[in-house]
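Here's the structure we're looking at; comments come further down.
The values are calculated or read from the model by the stated rules, or taken from the named source; none is laboratory data. Given the structure is predicted, the values throughout are model-derived calculations rather than measurements. Here the Cβ is made from the backbone with ideal geometry for all residues, glycine too, and neighbour counts use every protein chain on show. Remember, those area values only see protein heavy atoms, side chains included, never the ligands or the DNA or RNA. Shrake-Rupley method; radii C 1.70, N 1.55, O 1.52, S 1.80 Å.
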Amino acid sequence: MTLFRKSSDKDSSDSAQVPPHSDTAEASQTTDSSTAGKGRPTPKRKQAQQAGLRPLVPKDRKAAKKAEKAKYRARQDREYEAMETGDVQHMPAAERIPWRVYARDYVDARWNLGEWFLPVILVALIASIIVQQWSQVVAFVLMVAIYVYMLIAIIDAAVMWHGLKKKLIAKFGDRAVAKGQRTGFYSWSRALQIRAWRMPKPRYKKRGHWPD
């Protein structure tokens with residue numbers, strides 16, 4: 001019985017001499033291994049994300065707003081210059097739509113009675129006011145002439161749109177003349193403007209350049 005007790009005491013003394021592996025030792029080993037390769041501890045995910053964030057609001061708001069306005073103004077100037085010169089590639093996006101370009105070229109290629117609508121009406125009204133003092137009949141004739149010219153201009157614009165609509169559908173499909181596109185109104189309003197006053201400017205100085 002005594003021998004067994006001694007052996008037990010010896011084992012316990014030997015096990016007491018072996019130091020246990022503590023959590024501190026493991027943490028130090030992990031830190032050493034992480035810093036051995038890079039020379040610094042690996043940052044946490046939250047710290048890395050915070051380091052990569054950029055402020056959404058610039059420090060100098062006035063300078064940023066001023067730069068944005070200058071950029072917008074420069075773009076407007078380029079687009080206006082493109083409409084003045086007929087450069088389709090640099091016009092506003094709405095003016096670069098293929099069927100709008102086609103409609104513009106078609107209207108600009110023909111003689112439209114409506115493009116002289118405003119000058120004719122203005123001259124006729126002034127003449128009727130002046131002539132009314134001497135002859136009511138002549139003034140009445142001038143007023144009738146105004147309405148007749150208006151009716152002829154509308155008929156001419158309707159004939160123009162009838163032919164243009166067929167060509168647009170054949171080339172671009174029904175979407176070119178859909179209600180939301182307002183292609184008809186766009187063509188009518190351009191046909192009622194003096195050719196030199198149209199914006200964007202006609203791409204060709206002379207009439208007769210029909211679109212393909």
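Just wondering, is there one or more residues in the range 162-176 that are surrounded by 18 or more Cβ atoms within 10 Å (Cβ to Cβ), touching a residue at least 12 places away in the same chain (Cβ under 8 Å), closer than 26 Å to Tyr80 by Cα and under 24 Å from the mean Cα position of the chain (by Cα)? Yes.
Confirm whether Asp77 is in contact with a Gly (Cβ under 8 Å, 6 or more places away or on another chain), charged (D, E, K, R), in a helix (DSSP H, G or I) and under 30 Å from Lys206 (Cβ atoms). No. Looking at the range 90-104 only, could you name the residues that are open to solvent by 40 Å² or more (accessible area, probe 1.4 Å) and either of a type in the set (Phe, Trp, Tyr) or more than 14 Å from the chain's Cα centre (by Cα) (or both)? Scanning the range 90-104 gives Pro98, Arg100.
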